[in-house]
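I have placed the structure first, in the form of structure tokens, so that the comments after it can refer back to it.
The values are calculated or read from the model by the stated rules, or taken from the named source; none is laboratory data. As the structure is a computational prediction, the values presented were derived from the model and not from experiment. Positions of Cβ are backbone-derived with ideal geometry, glycine not excepted, and every protein chain shown enters the neighbour counts. Note: accessible area is taken over every heavy atom of the protein model, side chains too, but ligands, DNA and RNA are not part of it. Shrake-Rupley method; radii C 1.70, N 1.55, O 1.52, S 1.80 Å.
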Amino acid sequence: MNQSMPIYEKTSFGALLTMAAGGIDAYSYLFHGEVFAGLQTGNLILLGVNLGQGDFSTSLHYVISILAFFVGTILIRLWQRQPRFTQPDPVRKQWVLAYESGLLLLTALVANLVPSVLVTVLLSFAAAAELQEFRRLNGGPFTPLMMTGNLRTLAETTIDALVYHDSQALQKLKATGAIMLTFGLGACLIALTAPWLHLLSILVPAAILLCAWMMLIGHHSYNR
């Protein structure tokens, strides 16, 4: 791996992002009406199923999450287009991580006080921020919220590495495997902590994101 690669493109950093993303989606699904905060493909499928079954009130929950993700992405894009943030910059990424973590902490505070649909809006904003800002891993494209493409990459690189002995494919295989494993681990952590923390289990992905934020802060300060 290229040692000069920015910390926010390295596998260790991406693993924290996917762990948090898996936790956020698991939390929203378990506690807030089986709606995904980030996995909008799943929401579109469930929206279609519920519309087909005539369950329009449940369908509305999926519509709101999809719209919140859309608006959340626009907010981050507007932020990215600000003159001081137009170049890829660790400072901007620090602010986006702080924003995402703050939304999760706010969720922990209000989850018992407001309807689930409003909590889903906060979570979808958080998921949208992560997907819009963090889009590269080890110099290639990266989606911390969706694993279908990563599964395809895992299969492809398995063949290239093990059958055709491609050293670059082997490195990509290891990175992709780590990303998929940590995504599932994030969801697992929510399931494990939910019996004790209940709605406060959203603090688990919040803590993971704060670890990523501190990693970014520390690396940036070291290289100044």
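Mind telling me which of the residues Glu156, Glu130 ends up being of a type in the set (Asp, Glu) and surrounded by 24 or more Cβ atoms within 10 Å (Cβ to Cβ)?
Glu130
For segment 33-45: of the residues being open to solvent by less than 50 Å² (accessible area, probe 1.4 Å), at pLDDT 95 or above and out of contact with any Leu (no Cβ under 7 Å at 6 or more places or on another chain), which is nearest to Ala128 (Cα to Cα)?
It comes out as Gln40.
Name the pairs whose Cβ atoms lie under 9 Å apart, with the first residue in segment 132-156 and in contact (Cβ under 8 Å) with a residue 60 or more places away in the chain and in a loop (DSSP other than H, G, I, E, B), the second open to solvent by 60 Å² or more (accessible area, probe 1.4 Å) and of a type in the set (D, E, K, R), and 6 or more positions between them or separate chains?
Asn138/Lys172; Phe142/Arg135; Phe142/Arg136; Pro144/Arg135
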